[in-house]
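Only the coordinates and a few stated rules stand behind these numbers; no lab work does. It should be emphasised that the depicted structure is a prediction, and the values quoted were computed from it without experimental measurement. Neighbour counts are summed over all protein chains in view; Cβ atoms, including those assigned to glycine, are modelled from backbone coordinates with ideal geometry.
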């Protein structure tokens, strides 16, 4: 039955409730010639201009409706007698909404009656209304559950009180043979692959089918199409019986592709009644210089206009997802497994590493010669990190553009189920030694001038800012690192080194106090101070490199009397001090947070006109950190009372922090090739407990 107007022009039941409020208004035509059928989406409102459809001599109107229909009039009518027609003016607008979804098509009605000057009925406009509930939903509150119609699902906000769904790049491989990134597969390769995707749910409620000609479409922009794909489940399709629905959960052919770079828009089923349909959203690429990581997916309800003419959208719902960044892990995080290479000449190194890793209780993975092809620099070829979302996280290896003989190892040996892979390809002419990932590190968490970096800050080595000629990390890698946002990079000066890697002069170790870590820096000044102390104590004839095969021993006195070596190390110290100042400023460090290790360098002429430095004896700062156990290059320093003075000094500095030192002989197999323990190893670590989306940006 129809509901009559009250004296205020508003149905009585609405007087006890607040007026219809919606951010989504749709203009609705009133037709006095014939009934007009309208499909209405709950949560929105229909807006009808009453004057536009009124007969020319109309002066008054009234409204009648069935109980499920709500409406209000703007401007609100003046108080009139009970059920009296309302004066019509040029700006009279009727706002219409509905209380609940329809069970049947056209099961609700609203009519507008028009009257002349003498209150005689001139015409009636009748609306047949069908209400549907439509919601495209994601995990906008980031708790691992796709909630219904979160008001913030269409935007992104950082922080613990933020909102917006998270999307992973599907960069692992469900295949273990004939590997291919899952994101490069044309279809869902295995049902297990769905866990790497973000679930998106289409929720509908209404009659068993939409009115004739209406349809739902999902669509993305051309700009987003290169970064995302959407699959759906067929298990809820209305034509399927219960057995087929059960089977569809386990067969990949029943997860058809909905949206991609080639399909920007596609119709999706309306299931009828109260129903949910799952979609699976797959990230295809990481944030980068040309991609901010934000993705929008839209669902539109289309209305037919006339045969042969395009449909028009009458309702659109939108969700926004952000692609999870690639995150590096610092030395202070718990190790999971250690990687080294086996070569024909590194037996002593491997022996030391096996003992250290076994003592520390972690896994050791050895890359044998058939795979490394003589390339021993495990640190330089790759960097371990991870990606994280509320529903899934897994490690992701970043493959360096250096592409030595180890170039196939990250893809062939690491990529697999729940182990992702990403790389950045550069022009060979642009790649230098600084693109090896001994030149890529990350700090532990820090706070700098009140700004918190709970995931630390990435550190890269580049040429000195004023250099007109110098080596730099290639732009495509730097752009990638900056675009991840969550570990804001710091540029250090490393081009003064022959190899040019920051791990040659710095590292971090865990500590029980202050900031939870110490920055270790190579220090020629500390080296000369130690040697002068030895000399003054009568140990000037103690020898470095004693017992090292094919290496001429040198006494402490000879080192201290070498003015050229002293000048070279003064230069090196100035380079390290420049970086010291940058690290103190950018990481919020004080002198008490820094420990100087006694290490000397020597300069060599490179490229005919450029002097660059390398460690004079094994570079102890170039160590591997496994919890409280440190694997340090054995320096073969001068012995006092049978003990290496350099080892003794480093032990005293590290053991004060509760750290245990193991010195590993890498002299012949790494040091003489301008690398050390850290260069020849790599560590995959546990991820941070802190979730990146809680960052305050």
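Figures for the structure shown
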{"quantity": "Region 12-132 - share of DSSP beta bridges that are antiparallel (%, nearest 5)", "calculated": "75"}
{"quantity": "The chain: angle of helix 645-655 to the longest principal axis, Cα-based, in degrees nearest 10", "calculated": "30"}
{"quantity": "Protection proxy ranking of 618-624, 254-260, 411-417 - average other beta-carbon atoms within 10 Å, highest first", "calculated": "618-624, 254-260, 411-417"}
{"quantity": "Residue order, fewest to most surrounding Cβ atoms within 10 angstrom, among 429, 120", "calculated": "429, 120"}
{"quantity": "Region 408-509, Cα convex hull volume normalised per residue, Å³", "calculated": "146"}
{"quantity": "Kirkwood Rh, Cα atoms: Rg over Rh of region 138-323", "calculated": "0.97"}
{"quantity": "Tilt relative to the chain, helix 347-360 - C-alpha long axis, 0 to 90 degrees, to 10", "calculated": "50"}
{"quantity": "Alpha-carbon centroids, region 59-134 and region 141-177: separation in whole Å", "calculated": "42"}
{"quantity": "Matching label, Kirkwood radius over Cα pairs in Å computed from the structure shown, candidates [x] 26.8; [y] 28.0; [z] 30.0", "calculated": "[z]"}
{"quantity": "Estimated 222 nm signal from helices in the chain, with DSSP H stretches of n ≥ 4 weighted -39500 (n - 2.57), rounded to 500", "calculated": "-4000 deg cm²/dmol"}
{"quantity": "Shape call, region 12-132: gyration tensor on alpha carbons, a/c limit 1.5", "calculated": "prolate"}
{"quantity": "Relative contact order of region 12-132, pairs being alpha-carbon contacts under 8 Å that are 6 or more residues apart, as %", "calculated": "35"}
{"quantity": "Extension gain from residue 348 to residue 278, taking 0.36 nm per residue of separation minus the Cα-Cα distance", "calculated": "19.6 nm"}
{"quantity": "Overall form of region 327-694 per C-alpha gyration tensor (a/c, 1.5; a/b vs b/c)", "calculated": "rounded"}
{"quantity": "Relative contact order, percent, region 96-192 [alpha-carbon distance under 8 Å, six or more residues apart]", "calculated": "16"}
{"quantity": "Beta bridge orientation in the chain: antiparallel %, DSSP, nearest 5", "calculated": "75"}
{"quantity": "Packing-based ranking, highest mean first, of 372-380, 289-297 given that Cβ atoms within 10 Å are counted", "calculated": "372-380, 289-297"}
{"quantity": "Sorted peptide list for 88-100, 476-488, criterion being average Cβ within 10 angstrom, highest first", "calculated": "476-488, 88-100"}
{"quantity": "Cα gyration tensor, region 608-697 - rounded (a/c under 1.5), prolate or oblate", "calculated": "oblate"}
{"quantity": "Whole-number percent relative contact order across the chain, with pairs defined as alpha carbons under 8 Å at least 6 apart", "calculated": "11"}
{"quantity": "Degrees, to the nearest 10: 524-536 long Cα axis against longest axis of the chain", "calculated": "30"}
